[in-house]
Every structure is written in structure tokens, then in C-alpha cells.
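S.K.: Input: one structure, supplied below.
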Amino acid sequence: TIRSIESNQSFNSVIELEGLRQNMSLSCWPEVVFCEASAINSRKMKIKAKIRLNAAANADDEIMYINGIEGQDIEFLKKDISACCKVTDSENRIGINESFELPLGRPSAEEIIKTFVKITDRDIRAMNEKILVKGEVSAIVIYNGANEGEGVQFCEYTIPFTEVFDEPGITEGASYDADFRIENLNCIAMPDSEGENRIINISADIAMCGKG
């Protein structure tokens, strides 16, 4: 018999960012890089995980500069200044809904135990007034076999996605950073034309928060 549980554990961490000032805009992207679980007894589990936190901060600044020098015998120094202007701060959503047939050699599904998903091969490009977003959702589905003795099975699928969003003010070649998260994930086993549960349907929303 297979059972699964879901548990939430809060945590806090202090990150040092060089040059950080009060009232700056902050962003943070967590990523699980290691996870290990073991049974303590029939009622308790021990879970060890390592989480990588990627953080960034930005702010609008004003600087004074000299745009012209007149006169002779005046010594001066030149320095290049890189300017960055934030023109968009938005949240968009991408919906996915795909059905797959179980591979040959895999038994039919009795029930879905767990589905693991992550976003890979992200490609974001700024165009005039638009943002092009490409990527893939990699899914691992764990399920119970329909017949006795087939035990726990798994299958892997890849769902590509492409979307274009309107972003007023953005120009081609501009820098654009985004954070992705999976929401409303649903995975079900459905019967095929012969009545066996060999069709796996995966649906979810991809929430994208971006700045450019």
C-alpha cells in the first residue's frame, strides 16, 4: 500500500547583498538542490533538504553629470556610465493541458500517487512592445499499476510551451528577468478506446513575474 502526505515547513534566512539600501525593490527565487528522506518510526519521517536562494535588488537613482566643457587648458577625466531604465513590472499566466499515452511495456494506471514538475530550457526574449517566452515543463508521474503485482510505476513527459505577451514600453534587445512557478497542478488517469486507464492528462498554470 502506498500513502503520501504533504507538509509545509517555514524557514528564514539572512542574505547579504552588497550595495543594498533601504526602499530598494527585492526579488528572490528559491530552488531545491538536494532532498533526502528517511523513516524514523511508523509515525515519523526525517526530511533533509538544501535550498538555494537567488536574490536581486534594484532601485531608481538620480545622478548629476556634465554634458559639455568649454574653454582651453582645462583638464578633465571621462567615465562611461551605464544607464538602466525599468519600463515594466508585470505578472502573466500560461495555461497547459496535455494528454499522453502510457509507453508500451508500462501497465495501466489504477491511481496517480504523485506528480513532480519543473520548468526547464527557459528562453525569454524582448521584442518591440512584446515578450516572447519559450520553455518546457518536465513532469514525472508516479502511479499504482492496475493489476495485482504490478506495484508502483512511473513515467516521464515533456510539455513545450510558447507564448507572446504585450509589454508596453519594452524594446528589442532589452534585459528582461522573470520568475516562474507552477500553480493549480492536476494529473489524472483516463481510459483509452479500450477502456483501460492508459491516458495521463496533465494540466497546470504557469505564473510568470517579470521585470524589464
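S.K.: Might you let me know whether region 124-132 holds any residue that is loosely packed, with under 14 Cβ neighbours inside 10 Å, assigned to a strand (DSSP E or B) and of a type in the set (S, T, N, Q)?
M.R.: Within region 124-132, not a single residue is loosely packed, with under 14 Cβ neighbours inside 10 Å, assigned to a strand (DSSP E or B) and of a type in the set (S, T, N, Q).
S.K.: Another question, then. When you go through (1) over 24 Å from E6 (Cα atoms); (2) in a strand (DSSP E or B); (3) touching a residue at least 60 places away in the same chain (Cβ under 8 Å) one by one for T162, which number turns out not to apply?
M.R.: The number of the failed condition is (3).
S.K.: Taking I140 as the residue in question, decide whether it is of a type outside the set (F, W, Y) and open to solvent by 50 Å² or more (accessible area, probe 1.4 Å).
M.R.: Considered against the rule, which asks whether it is of a type outside the set (F, W, Y) and open to solvent by 50 Å² or more (accessible area, probe 1.4 Å), I140 comes out as yes.
S.K.: Do we have any residue at all in region 43-56 that's assigned to a strand (DSSP E or B), surrounded by 13 or more Cβ atoms within 10 Å (Cβ to Cβ) and not aromatic (F, W, Y)?
M.R.: Taking every residue of region 43-56 in turn, at least one turns out to be assigned to a strand (DSSP E or B), surrounded by 13 or more Cβ atoms within 10 Å (Cβ to Cβ) and not aromatic (F, W, Y).
S.K.: Oh, and also: Could you list, in sequence order, the residues of region 15-33 that are exposed (fewer than 10 other Cβ atoms within 10 Å of the Cβ) and assigned to a strand (DSSP E or B)?
M.R.: Scanning region 15-33 gives a single hit, V33.
S.K.: Just to be sure I understand, how many residues within region 182-212 are farther than 19 Å from C155 by Cα, surrounded by fewer than 20 Cβ atoms within 10 Å (Cβ to Cβ), of a type outside the set (A, V, I, L, M, F, W, C) and under 26 Å from the mean Cα position of the chain (by Cα)?
M.R.: Count: 4.
S.K.: Of all the residues that make up region 153-172, how many are over 30 Å from I200 (Cα atoms), open to solvent by 70 Å² or more (accessible area, probe 1.4 Å) and of a type outside the set (D, E, K, R)?
M.R.: Residues flagged as over 30 Å from I200 (Cα atoms), open to solvent by 70 Å² or more (accessible area, probe 1.4 Å) and of a type outside the set (D, E, K, R) within region 153-172 amount to 2.
The values are calculated or read from the model by the stated rules, or taken from the named source; none is laboratory data. Note that the coordinates shown come from a computational prediction; the quantities given were computed from them, not determined experimentally. Using ideal geometry, Cβ is built from the backbone for each residue, glycine included, and neighbour counts are taken over all protein chains shown. Only protein heavy atoms, including side chains, enter the accessible area calculation; ligands, DNA and RNA are left aside. Shrake-Rupley method; radii C 1.70, N 1.55, O 1.52, S 1.80 Å.
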